[in-house]
């Protein structure tokens with residue numbers, strides 16, 4: 001079924017989405033705050049709007065943040081419009097935005113798109129969505145041209161909560177590999193010497209085997225019970241001090257190792273030393 005889609009924001013992500021909608025056979029209107037970015041899309045069949053007021057019912061937004069949406073649509077009548085905003089911000093900002101759009105007569109569907117621009121329209125790509133399930137269902141077929149649709153819940157902030165959580169795990173995981181690689185290089189070793197063990201560690205964390213800590217931790221978090229034997233949090237806190245000293249001796253940056261050492265030490269000092277490493281979540285959550 002052909003849908004009239006208006007893409008607001010023609011950066012790398014918005015342009016990729018507009019092109020993907022076109023390839024899927026949809027009628028596409030595009031608009032960008034800075035003129036001059038629509039030429040290639042127009043050549044592919046898109047219509048460049050002079051104003052967002054020309055948008056059809058379905059508006060897909062890809063901008064730097066939610067303030068950009070306010071700036072772009074401040075004077076636009078949104079009555080009957082469905083805004084699917086895939087911009088990044090905070091869950092609280094998305095909840096405020098849902099009220100703002102509703103006050104202008106429209107409905108906001110929030111999203112967190114979990115692939116970079118080259119992944120748009122590719123197998124395995126997915127996006128977290130939240131807001132009205134009924135409204136999302138009406139436009140799910142069109143949105144599936146971009147990625148799989150993963151509905152999180154009615155709370156408009158949930159899509160961004162999952163999105164930011166995933167990004168944090170992604171960035172911190174890659175950063176830890178950067179630190180490990182720098183440590184290997186400090187000893188004159190190639191990074192490739194560290195790679196197979198890093199792959200084993202990261203893959204094992206998500207698995208069901210002895211190293212499948214994610215599954216074990218999730219169970220501990222939900223039960224709020226953290227068995228500390230045979231490896232107590234206190235032992236991990238002491239071990240993290242050794243990690244910091246190792247990076248210090250190698251002359252490397254200490255920002256992330258020290259932050260982790262301080263977090264473990266605080267959880268230990270707050271009385272969780274005899275429990276497992278999972279008890280650190282109590283200090284993170286400030287329970």
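May I ask for the angle, rounded to the nearest 10°, between helix 233-249 and the longest principal axis of the chain, with both axes built from Cα atoms and the value confined to 0 to 90°?
The helix 233-249 is inclined about 80 degrees to the chain.
Just to check, using Stokes-Einstein with a Kirkwood Rh over alpha carbon pairs, what's the diffusion coefficient of the range 1-122 at 25 °C and 0.890 mPa s in µm²/s?
Estimated via Stokes-Einstein, D reaches 171 µm²/s.
Quick one, can you get me the convex hull of the C-alpha atoms of the range 136-246 expressed as volume per residue in Å³? Mind dumping the intermediate values first?
Details: hull volume 19.6 nm³, N = 111.
Value for the range 136-246: 177 Å³ per residue.
Measuring from label point to label point, each 7 Å out along Cα→Cβ, what is the residue 170 to residue 274 span in nm?
Going by the 7 Å Cα→Cβ label model, 4.2 nm.
Mind checking the full-extension length gain between residue 214 and residue 141? Use 0.36 nm per residue of separation minus the Cα-Cα distance, one decimal, nm.
22.9 nm
Roughly what angle does helix 12-23 make with the longest principal axis of the chain, taking Cα atoms, 0 to 90 degrees, to the nearest 10?
Compared with the principal axis, the helix lies near 50 degrees.
How many nm is it between the label spots at residue 286 and residue 35, if each spot is 7 Å from the Cα in line with the beta carbon?
4.9
Rounded to the nearest 10 degrees, what's the angle between the helix 158-186 long axis and the longest principal axis of the chain, both from Cα atoms, 0 to 90?
For helix 158-186, the angle is close to 50 degrees.
Looking at the chain, send over the antiparallel percent of its DSSP beta bridges, to the nearest 5.
Once the DSSP bridges in the chain are tallied, antiparallel ones form about 15 percent.
Give the Cα extents of the range 92-151 along the principal axes, in whole Å, largest first.
36, 23, 16
What percent does the relative contact order of the chain come to when contacts are Cα pairs within less than 8 Å and at least six residues apart?
The value is 11 percent.
Once fully extended, how much extra length lies between residue 180 and residue 242, figured as 0.36 nm per residue of separation less the alpha-carbon to alpha-carbon distance?
Value of the extension gain: 20.9 nm.
Given the range 4-154, what percent of its DSSP beta bridges are antiparallel, to the nearest 5?
Percent antiparallel among DSSP bridges in the range 4-154 is about 15.
Just so you know, all these numbers are worked out from the coordinates, no wet-lab data involved. All values reported here derive from a predicted model rather than from experimental measurement. Positions of Cβ are generated from backbone atoms using ideal geometry, with glycine treated the same way; all protein chains shown enter the neighbour counts.
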